[in-house]
1. Along region 9-16, what does the Karplus equation 6.51 cos²θ - 1.76 cosθ + 1.60 (θ = phi - 60°) give for ³J(HN,Hα), rounded to whole Hz, x for Gly and Pro?
2. Would you calculate the separation in nanometres between label points at Gln280 and Met31, each defined as 7 Å from the Cα along the Cα-to-beta-carbon direction?
3. Which ³J(HN,Hα) values in Hz, rounded to whole numbers, follow from the phi angles of region 99-104 under the Karplus curve 6.51 cos²θ - 1.76 cosθ + 1.60, where θ = phi - 60° and Gly and Pro get x?
4. Cβ neighbours within 10 Å, averaged per peptide: list 271-280, 251-260 in order, most packed at the top.
5. Please report Rg over Rh for region 112-214, where both radii come from the alpha carbon positions and Rh follows the Kirkwood definition.
6. Give the long-range amide H neighbours of Gly6: residues separated by 5 or more places, or on another chain, with amide H under 5 Å away, using H modelled in the peptide plane at 1.01 Å from N.
7. Rounding to the nearest 10 and keeping the result within 0 to 90°, find how far the Cα-based axis of helix 168-178 lies from the longest principal axis of the chain.
8. What do you get for Rg/Rh over region 6-226 if you use C-alpha atoms and the Kirkwood form of Rh?
Amino acid sequence: MIQWRGSMVALVTPFRDDRIDESVLKQLVQMHVESGTSALVPCGTTGESATLSHEEHDRVIEVTVQASRGRIPVIAGTGSNNTREAVRLTQHAQRVGVDAALLISPYYNRPTQQGLYLHFKAIAESVDLPLVVYNVPSRTAVNIEPETLARLTEFRNIVAVKEASGNLQQMRRILELTQGKLALLSGDDSLTFPVLELGGRGVISVVANIVPADVAAMVAASEVGKRQRANEWHERLLPLAKVLFLETNPIPVKTAMGMLGMIQPELRLPLCALSESNQQRLRQALQAYGLLKAGERCEVKGAK
């Protein structure tokens, strides 16, 4: 059962020759099991879900569930700007054994708040599965207002919100209006510690793709009231978090994982390679963190 706390990784989708690299995906799952990650979140923004075919989307979720073997919860990204498609993806995820689903707000359509409510209502009523609403207005062009989230608490299986609005005042308002009925999860690594201080319970993290144990340690310290220790982790992680957003996510994180020998740093158009200048800044940040030495690659078995 998901505790809705801790470090939950926004898992990348590794490609090799433009196909899903299932063997490396399984290795990444194993790494997170061993590193104390609280949950796996495949097929989100970081997982390049927008460029996966429906068959690939389903397959990534299936492989992640199979590789986790019940040792770590799987929160599958199943959102879409097409409500029927989101329903289908979420129903499939439930059939293959995920523990929960992450639902981005409909992008491009720019629905009203009533439209957002009806969208999430339709999905909630179609499955018997815990659901996380994902608010990231910088990508979707629409903000899920705190009042709308409060309305959505009438559905017992809508249990959490991944907040990536960057607006701490809005997050405080969400906590006030939902009165403990929704777990607040940070959707921005740079704000995880402030969100925890507000009353958030964890993070769906991009940085955890690279340093999963460190992100888990920061959240764990906060949970037991070790505020100073949690802040020390936050300050250590912050430069890495910032450099991983020099360009559109997941371009920098996949580039970093390639530098570390964890995956082939393949992306799908319209995403493209990190610029040369930002590659240098990224390499310097990895070196400063102690992850990389000049000319060194940390090989993960099976990655070349």
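Each reported figure results from applying straightforward, stated rules to the coordinates on display, with no laboratory input. Note that this is a predicted model, so its numbers are computed, not measured. Here the Cβ is made from the backbone with ideal geometry for all residues, glycine too, and neighbour counts use every protein chain on show.
1. In residue order, the calculated couplings are 8, 7, 5, 6, 9, x, 10, 9 Hz.
2. 2.7
3. Along region 99-104, the couplings run 8, 6, 10, 10, 10, 5 Hz.
4. Values: 271-280: 13.7, 251-260: 22.7.
Result, highest mean first: 251-260, 271-280.
5. Numbers: Rg = 13.5 Å, Rh = 14.0 Å.
Checking Rg against Rh, the ratio lands at 0.97.
6. Those qualifying (amide H under 5 Å, at least 5 residues apart or on another chain) are Gly202, Val203.
7. Computed tilt is about 40 degrees.
8. Values: Rg = 16.2 Å, Rh = 17.2 Å.
Rg/Rh for region 6-226 comes to 0.94.
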